[in-house]
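Engineer: Please find one structure pasted underneath; my questions will follow.
The values are calculated or read from the model by the stated rules, or taken from the named source; none is laboratory data. None of these values were measured; they are calculated from a predicted model. Note: ideal-geometry Cβ built from the backbone for every residue, glycine included; neighbour counts use all protein chains shown. In case anyone asks, the SASA skips ligands and DNA or RNA and just uses the protein heavy atoms, side chains included. Shrake-Rupley method; radii C 1.70, N 1.55, O 1.52, S 1.80 Å.
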Amino acid sequence: MFIEVDKEIIDTDDDNIVKVRQKLFPEEEKMPLAKYFYKYPLHMPSPLEMQIIKKPMKVEDAIRPENFMDLLKPYGYDKVELGYCMFEDGSGYVATYRVRPPHITAEMERWYRNWRNLKSKSMVPGHGNLRYKIWNYADHFDHYYVNWQDGSDGIHTTESLDLGAGDRMYDTIRHQFDLKDFGLTDERLQELKDAGCQLTGKGSYETFDEPGTHLCLAYSRPCPQGGIETRSREWIGWRPVNGKLVRDPSTKCDEAYLKKVVIHTLIEWEHLYTFLPELYAEYHDQPMDAD
């Protein structure tokens, strides 16, 4: 079965499992971790999610770039929590929503977010990071801290966004910035935390191996139906500079690209929740360089 997404063809089977996999290097095939690359199938988003994102959302339902801090609220939702659209100036908007199920603990996710940036003793330079590849076997290649210790100097990612349909791998660096520079007060931060919201007071923006910038903001909070919900947004073509939001017109953006970002994001997070319990049980007590 093939799913057509704005002229990109994604190869799936009858259960909407993505069939395309990257090829692992021989050194990776020998690692115990490699079983997670093959054991857990990568599923397309649910039919309901695909129905929602079939067409772009209305522009008036998006958070405008200059109001990006409006995302942060202790309760309630925007009119559209899952979707994408183009703004009049050629910049773009992506809204995604996910729920971490109750059996996935905050510690498990925190551990993986750190562990995926560190490489095991048998990984070969230039071969990427198998700890990241298992998160999305069609698109992910490499992930690491720029300073090799923590995310303070940025996090490097190498990935494609089309689930193996033929697009090239892109190099991305995610940088942090202080939300206090954009009006987040200690009082508002405390109000969010008192409501159970999980955020650090930092936002991020992405730069690439080509011109362009993405502004990113996300936070998590208790979901009324159980588990933890994450509300995430990207403003494609914007960046923070010295406490001001600046339009970056060099950023490439169209509706087809935005839709790819939404699908890729939905797929990878749902996939993480399938294998994380077993992965955490096996690896969280092992040395950080364990294969």
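Engineer: Before we move on, is ILE104 over 18 Å from the mean Cα position of the chain (by Cα) and either open to solvent by 30 Å² or more (accessible area, probe 1.4 Å) or farther than 29 Å from ARG168 by Cβ (or both)?
Structural biologist: no
Engineer: Does ALA218 fit the bill of being crowded, with 16+ Cβ neighbours inside 10 Å, in contact with a strand residue (DSSP E or B) (Cβ under 7 Å, 6 or more places away or on another chain) and at pLDDT below 95?
Structural biologist: No; evaluated as a whole, the condition is false for this residue.
Engineer: Among (1) surrounded by 18 or more Cβ atoms within 10 Å (Cβ to Cβ); (2) closer than 26 Å to TRP235 by Cβ; (3) among the aromatic types (Phe, Trp, Tyr), there is one condition PHE37 misses while meeting the rest; what is its number?
Structural biologist: Unmet condition: (2).
Engineer: Can you confirm whether region 232-249 contains a residue that is polar (S, T, N, Q), in contact (Cβ under 8 Å) with a residue 12 or more places away in the chain, under 30 Å from PRO41 (Cβ atoms) and loosely packed, with under 14 Cβ neighbours inside 10 Å?
Structural biologist: No, there is no match, as no residue in region 232-249 is polar (S, T, N, Q), in contact (Cβ under 8 Å) with a residue 12 or more places away in the chain, under 30 Å from PRO41 (Cβ atoms) and loosely packed, with under 14 Cβ neighbours inside 10 Å.
Engineer: Could you tell me how many of the residues in region 107-131 are touching a strand residue (DSSP E or B) at 6+ places or on another chain (Cβ under 8 Å), open to solvent by less than 50 Å² (accessible area, probe 1.4 Å) and in contact (Cβ under 8 Å) with a residue 40 or more places away in the chain?
Structural biologist: The qualifying residues number 3.
Engineer: Quick one: which of VAL246, VAL241, VAL261 is over 24 Å from GLY76 (Cβ atoms), in contact with a Pro (Cβ under 8 Å, 6 or more places away or on another chain) and of a type in the set (A, V, I, L, M)?
Structural biologist: None of the other options fit; the residue is VAL246.
Engineer: Which one is farthest from ASP70 (Cα to Cα) among residues in region 159-201 that are modelled with pLDDT under 95 and touching a Leu at 6+ places or on another chain (Cβ under 7 Å)?
Structural biologist: Filtering region 159-201 for residues that are modelled with pLDDT under 95 and touching a Leu at 6+ places or on another chain (Cβ under 7 Å), the one farthest from ASP70 (Cα to Cα) comes out as ASP167.
Engineer: Can you name the condition, by its number, that ARG188 falls short on among (1) in contact (Cβ under 8 Å) with a residue 60 or more places away in the chain; (2) open to solvent by 70 Å² or more (accessible area, probe 1.4 Å); (3) basic (Lys, Arg)?
Structural biologist: (2)
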